[in-house]
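Just so it is clear, none of the values below were taken in a lab; they were calculated from the coordinates. A quick note: this is a predicted structure, and the numbers were derived from the prediction, not measured. No Cβ is skipped: glycine too gets one built from the backbone with ideal geometry, and neighbour counts run over all protein chains shown.
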Amino acid sequence: MPNRLTGTLDSRIKGSLIKLITLSIVIFALSSQGCKRGPDRITFGGSTVGSDDTNNPSSPDGSAQTNEVNTPTALTFTTAFPRITALQWENSVRDILLLDTTPNLSAQFPGDPQNTLFANDGNSLIVSDPLWQSYVQAAEKISDSLAANAAQMAKLIPASAANLTGDAKAKTIITPLATRAFRRPPTDAQMSRLLVQFNKGTALTGNTNAVNAGIQAVVYLLLQSPYFLYRVELGTGASALTTLNAWEVASRISFAAWNTIPDAELIASARSGELLTEAVLAKQVKRVMADPKANPVLLQFYTTIFGTSTYADVIKKDPSIVKSWPADMGKTLVQESELFINEVVVKNKGGINQLLTADYAFVNSQTAPLYKVPAPAGSGFVKTTLDTNERIGILTQIGFLARRSGEKESNAIRRGVLVSDKLLCADVTTNAPTPPKVDPPGANQTSRDVINKISGPGTCGAGCHAQYINPSGYAFENFDAAGNFRTTDNGHPVNAAATLTLKTGPVDYKGPHDFVEKLKSSSDLHTCLVKKAVGLLYARLVDTEDETLIAYLAEQSAADVSTRDMFATILMDSRIKLRGNKGK
């Protein structure tokens with residue numbers, strides 16, 4: 001569109017946008033400070049928004065019902081204004097505007113804070129000045145693009161608006177747009193403001209098509225609204241443990257499982273208040289998690305834990321251990337691992353046990369020689385059964401082994417750190433010293449001998465390394481730096497046996513298969529996995545009040561409950577309706 005929207009912004013909508021910007025800054029300040037209470041009710045157009053608002057229904061019988069393992073009596077304070085993540089922004093804009101694809105603009109935003117594994121902790125997600133400017137610029141680009149696309153614009157005009165005129169037509173167009181953006185219907189005051197914006201559309205944009213100009217102007221404003229950029233969770237008020245209203249619960253579920261806004265069915269259950277009942281909550285959560293839109297969060301969970309995106313950075317291997325290491329091997333290893341995780345978790349409805357013990361991998365012509373299997377025709381990947389005397393699960397696949405090795409030597413420390421930190425929650429990375437330099441083994445040494453000498457018993461690494469990290473990595477000494485299976489290292493027999501210290505006590509193992517089987521049967525693994533799932537789906541740090549839920553789900557995980565079902569249990573628990581308002 002012409003720059004008249006932005007060029008005349010000060011004179012045309014200065015008052016409304018200044019109020020919007022000021023409100024966002026206030027929310028930012030309140031949500032980022034260390035206070036132990038949620039902020040007072042905030043206003044947009046003069047109307048309060050909270051569970052006592054007429055647009056925020058309770059359950060049909062007036063009470064919030066729970067589907068629970070146990071109901072917490074208190075939770076640590078979390079902000080009432082968690083910002084949506086960059087991924088959620090992309091998906092939400094697509095779904096608000098009924099686009100076929102995401103706008104693909106968030107790569108230009110300042111990155112989300114990386115202080116937690118999944119970079120989605122609500123207390124850390126704030127709006128900085130640079131991010132705010134990015135939002136404003138993105139809103140302009142998107143509204144410009146929308147104005148230039150008549151077919152896309154037509155999607156935003158409901159059929160029921162065809163025979164209407166004036167404000168009735170405008171409201172019919174604005175209501176579904178604003179409801180998707182705010183994740184609840186706009187209040188009367190908000191509708192009045194949006195209606196003014198709509199009616200000024202031609203003056204603001206220069207577009208002589210009044211309806212299209214109105215939509216363009218409204219979209220520009222909606223995409224800067226704090227009710228779009230934040231998941232407002234005011235709940236019932238000032239008690240230490242506040243109960244969220246139906247709209248807020250619908251948003252929590254949708255953003256947790258789909259990383260986007262609620263769909264029409266979730267909106268309907270929130271509007272009626274039935275979402276707050278145990279039966280409807282369970283029904284909706286099961287539906288949401290069964291939807292293919294939940295597949296990406298299942299993949300995100302495991303690709304993040306195993307760090308598969310970093311496989312792209314794998315270093316080239318020495319010709320002495322592998323004949324060929326193509327320049328795009330990193331890309332191959334990322335694809336291989338994602339195909340494998342999708343097969344196990346999405347297609348076969350598995351979980352961590354199956355990821356650790358599956359007897360197959362997705363192999364292409366580049367990795368086939370490393371797995372010692374026939375190369376498939378072409379450049380694609382083929383699901384291939386591996387030699388179970390050598391390989392077992394994701395930890396014996398090329399991506400993990402090669403990425404966590406040097407150019408020529410395997411590295412038990414780097415392999416062990418991932419297992420200890422990401423699979424056992426041993427917290428070996430907090431305040432960890434710089435990893436020791438690992439030199440090539442001497443004539444009478446193996447790689448393990450070198451690791452043991454610099455970080456084993458009797459060294460400064462006798463604590464974390466000797467008890468946790470090294471034993472978690474020694475299990476994979478049967479694999480060289482490229483992921484080839486081996487029985488000797490530097491001319492000496494491989495020793496892949498060790499004793500790993502777990503919270504439940506020491507565990508002896510003999511080689512990779514024995515290690516994986518004992519890891520799979522360890523409560524440490526399943527407890528750690530569930531903690532990470534709780535953190536991902538609740539978008540907060542794990543709380544001591546979560547321990548009962550975690551213990552229950554750890555038992556379920558050990559018993560082969562699928563990750564999809566585990567996620568559903570977390571989302572239908574009573575905690576999905578609760579927020580720590582004052583802290584414990």
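For a footprinting-style exposure proxy, rank ASP480, ASP167, ASP263 by other Cβ within 10 Å, fewest first. Could the numbers behind the result be given before it?
Details: ASP480 25, ASP167 14, ASP263 17.
The most exposed by this proxy come first: ASP167, ASP263, ASP480.
Mind sorting MET191, MET329 by how few other Cβ atoms lie within 10 Å of their own Cβ, fewest first?
On the way: MET191 20, MET329 24.
Neighbour counts put them in this order, fewest first: MET191, MET329.
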Whole-Hz couplings from phi, Karplus 6.51/-1.76/1.60, listed for the stretch 495-500; x for Gly and Pro = 10, 10, 10, 6, 10, 9
Quick one: net charge around ARG391, please, counting Lys, Arg +1 and Asp, Glu -1 for every other residue with C-beta under 12 Å from its C-beta.
-> -2
Using a Förster distance of 35 Å, how high is the FRET efficiency between ALA210 and ALA377, based on the Cβ-Cβ distance and rounded to 0.05?
-> 0.05
Considering the zone a paramagnetic label at THR76 would reach in this model (a point 7 Å from Cα along the Cα-to-Cβ line), which residues of the stretch 108-136 have amide N under 19 Å from it?
-> 113-126
Label model pair LYS347, ASP359: point-to-point distance (7 angstrom along the Cα→beta-carbon line) in nm is 1.8
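Summing Lys, Arg as +1 and Asp, Glu as -1, what charge do residues with Cβ under 15 Å from the Cβ of ALA358 carry, ALA358 excluded?
In short, -3.
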Dipole-positive endmost among SER134, PRO103, THR76 within the stretch 71-144 (Cβ charges, Cα centre) = THR76
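Give me SER251, SER365, SER320 ranked fewest to most by other Cβ atoms within 10 Å of their Cβ, as a rough exposure proxy.
On the way: SER251 23, SER365 17, SER320 10.
Listing SER251, SER365, SER320 from fewest to most nearby Cβ atoms yields SER320, SER365, SER251.
Can you check what the net charge comes to around ASP112, using other residues whose Cβ is under 15 Å from the Cβ of ASP112 (Lys, Arg +1; Asp, Glu -1)?
Numbers: positive: ARG83, ARG231, ARG540; negative: GLU90, ASP121.
Here the charged neighbours net out to +1.
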Tell me which lysines have Cα within less than 17 Å of LYS453's Cα, excluding those fewer than 8 residues away on the same chain?
-> LYS437
